[in-house]
Amino acid sequence: MLPILERELAEKRDWTNSDELLDYFAIGQSTPGIIAVNVATFIGHKRAGILGGCVATFGMVFPSIIIITLIAKFISNFSEIEWVKKALTGINVAVAAILTSAVYNFSKKSVKNLFGFILLVIAFVLIFIFKVSTVYVIFGSAILGVILAGCRGEFKKEVKND
């Protein structure tokens, strides 16, 4: 999803830049809902305020509602056809490849130093080996980020001496 969003929103339309889109993507991933819808809401809000956010959200959700409703109506007619089963198996493989590519590209842009790489490895181990909920990993990472930023003095106000 991120490469598609980046190509459409940052490169083609110039509605945002890659860093801002990465922030939207990260926030969209950690909030309830579909990432693309959340990012569309952020972009819509950035471009046209609250109304823009609402229209962008509706524009992302409405076509899916129509398509899913049509598929649900007719799925029982097609689900047992052998070539449909094989096509869905092929689609699963393609989705896995696309997700792998997205994770790789996302990590290239997010992991900027050794500490970030160590956090990536720890998060991977916690989620996939120890089966820790991603919610706890996200909250733990956010808390760690705030603590580290505080230790580095990034929250201190600048005091002007007149």
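Among the residues making up the stretch 3-28, a single one is among the polar types (S, T, N, Q) and buried (at least 17 other Cβ atoms within 10 Å of the Cβ): THR16.
Given the options VAL55, VAL84, name the one that is open to solvent by less than 80 Å² (accessible area, probe 1.4 Å) and in a helix (DSSP H, G or I). Before you say what the answer is, go through the steps one by one.
Numbers: VAL55 fails: open to solvent by less than 80 Å² (accessible area, probe 1.4 Å).
Unique residue meeting the criteria: VAL84.
Here GLU20 does not fit the description of being assigned to a helix (DSSP H, G or I), among the acidic types (Asp, Glu) and over 30 Å from TYR136 (Cβ atoms). Given the conditions (1) assigned to a helix (DSSP H, G or I); (2) surrounded by 14 or more Cβ atoms within 10 Å (Cβ to Cβ), report the number of the one that THR69 does not fulfil. Among (1) assigned to a helix (DSSP H, G or I); (2) surrounded by 14 or more Cβ atoms within 10 Å (Cβ to Cβ), THR69 violates only (2).
The values are calculated or read from the model by the stated rules, or taken from the named source; none is laboratory data. Computed from a predicted structure; not experimentally measured. All Cβ positions, even for glycine, are placed from backbone atoms using ideal geometry, and neighbour counts span all protein chains on display. Side chains included, ligands, DNA and RNA excluded: accessible areas come from the protein's heavy atoms. Shrake-Rupley method; radii C 1.70, N 1.55, O 1.52, S 1.80 Å.
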